[in-house]
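Shown next, in structure tokens, is the structure this report addresses.
Nothing in this text is a laboratory measurement; each read-out follows from the coordinates by a stated rule. Nothing here was measured: the structure is a model prediction, and the numbers come from that model. Glycine also receives a Cβ, built like all others from the backbone with ideal geometry; neighbour counts cover every protein chain displayed.
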Amino acid sequence: MTLRKDSARFVEEYLVWSGRSRATIDGYRKDLRYFADYIEKKKNCQAFTDEITEADLEGYLHYLKVEKGCSQRTISRYLGSLKSFFKYAVRQKVITHNPAEGIITPKVPKRLPVFLSKDEVSRLASAARSRTIKTIIWTLYLTGLRNSELCSLRLDDVDFGRNIITVRQGKGGKDRIVPLNPRLVVRLKDYLENHRVHRGTEIFFSTRSGGITPAYVSQCIREAARRAGFKQSISAHTLRHSFATALYQKGVGLLEISALLGHGSVNTTQIYAHLGNNQLQRAVQLL
């Protein structure tokens, strides 16, 4: 079969069957489609999986770095998608040799997380134009939810009787429970009772046209950050980092933070234990 059909089967059958999140599946689909576009343009014909060589992959990585100017982090992500696909192709006997096997993944320098203080979060939320986005900003900061998880949140996922949020099908396809901060309970109840504009959807956060998307949330947070005068780039993930950093600096253990964030391994959470001295000093002063 063609590269496009094999990669579509990998995404739509294998990744769905293995319980990957929708965001992960969409990411693989985009990455593999981009590679197919490159190969077909290079060969000026349909591409077949069993014809892809190591040289093709190396040429693609060179194209990403030199012509597209992609960062090491982005290149590493693209290569990771290809490595997973070709491993699958070998298991399915689509190919007998994995062309990505010998290609070394570029080293990606670890970036220390950017975080905001509670006062800075308040400043950001105050600059948001709508009550929905104000509430979303506080929800991201006080729960550590991923942007995609927040946008998928349904009304019955928020249990005010037990003061918990159930995050369904998070990264890795796993559910988890996140306790609700009492201050957030007040904000969420006020939003539901007085500001939620769309009654025809079960999605918790809504607009007049229905549910919200991660892209919409990201855009609104960027706009609020500009109006609030922030010089650094602020995103939904910044608020997730802020949640985790605040917990760590208040003495919460990495295992607990890892569970709240939905990390597959506590190793992912270790970054909060390696903050630089300046960041540690800033964090302590902001408590």
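Quick look at the numbers
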{"item": "Computed over the chain: relative contact order in percent, which uses C-alpha pairs under 8 Å that are six or more apart", "result": "18"}
{"item": "Between helix 118-127 and the chain: long-axis angle, C-alpha atoms, 0 to 90°, nearest 10", "result": "80"}
{"item": "DSSP-assigned coil residues among trypsin sites (Lys or Arg not before Pro) in region 42-118, each with at most 10 further Cβ atoms within 10 Å", "result": "LYS93, LYS107, LYS110, ARG111"}
{"item": "Residue of VAL167, VAL217, VAL16 that the Gaussian network model of the chain assigns the largest fluctuation, springs spanning Cα pairs under 10 Å", "result": "VAL16"}
{"item": "Cβ-derived FRET efficiency at R0 45 Å, LYS174 paired with SER122, nearest 0.05", "result": "0.90"}
{"item": "Neighbour cut-off at most 15 other Cβ (10 Å), DSSP loop, chymotrypsin sites (Phe, Trp or Tyr not before Pro), region 128-213", "result": "PHE160"}
{"item": "Computed lengthening from GLN72 to MET1, 0.36 nm per intervening residue step minus Cα-Cα distance", "result": "22.4 nm"}
{"item": "Choice from GLY102, GLY27, GLY253 with maximal GNM fluctuation in the chain (Cα, 10 Å cutoff)", "result": "GLY102"}
{"item": "Quarter of Cα convex hull surface for region 84-228, i.e. mean projection, nm²", "result": "12.5"}
{"item": "Principal axes of region 3-91: Cα extent on each, largest first, Å", "result": "35, 28, 18"}
{"item": "Net charge contributed by nearby residues that have their C-beta within less than 11 Å of THR2 (K/R +1, D/E -1)", "result": "-1"}
{"item": "Net lengthening on full extension, ASP50/GLU193 (0.36 nm per residue, minus Cα-Cα)", "result": "45.7 nm"}
{"item": "Convex hull volume per residue in cubic angstrom - Cα atoms of the chain", "result": "163"}
{"item": "About the Cα centre, charge dipole magnitude for the chain (Lys/Arg +1, Asp/Glu -1 at Cβ), debye", "result": "780"}
{"item": "Over region 178-244, volume per residue of the alpha carbon convex hull, in Å³", "result": "125"}
{"item": "R0 of 35 Å, Cβ-Cβ distance ASP159-GLU223: FRET efficiency to nearest 0.05", "result": "0.65"}
{"item": "Summed residue charge, Cβ within 10 Å of ASP56's Cβ, Lys/Arg positive, Asp/Glu negative", "result": "-1"}
{"item": "Stretchable slack from LYS107 to ILE25, in nm (0.36 nm times residue separation minus alpha-carbon distance)", "result": "27.1 nm"}
{"item": "14 Å beta-carbon shell around CYS45, net charge (K/R +1, D/E -1)", "result": "0"}
{"item": "Highest-fluctuation residue, SER130, SER71, SER258 considered, GNM on the chain with Cα pairs under 10 Å", "result": "SER71"}
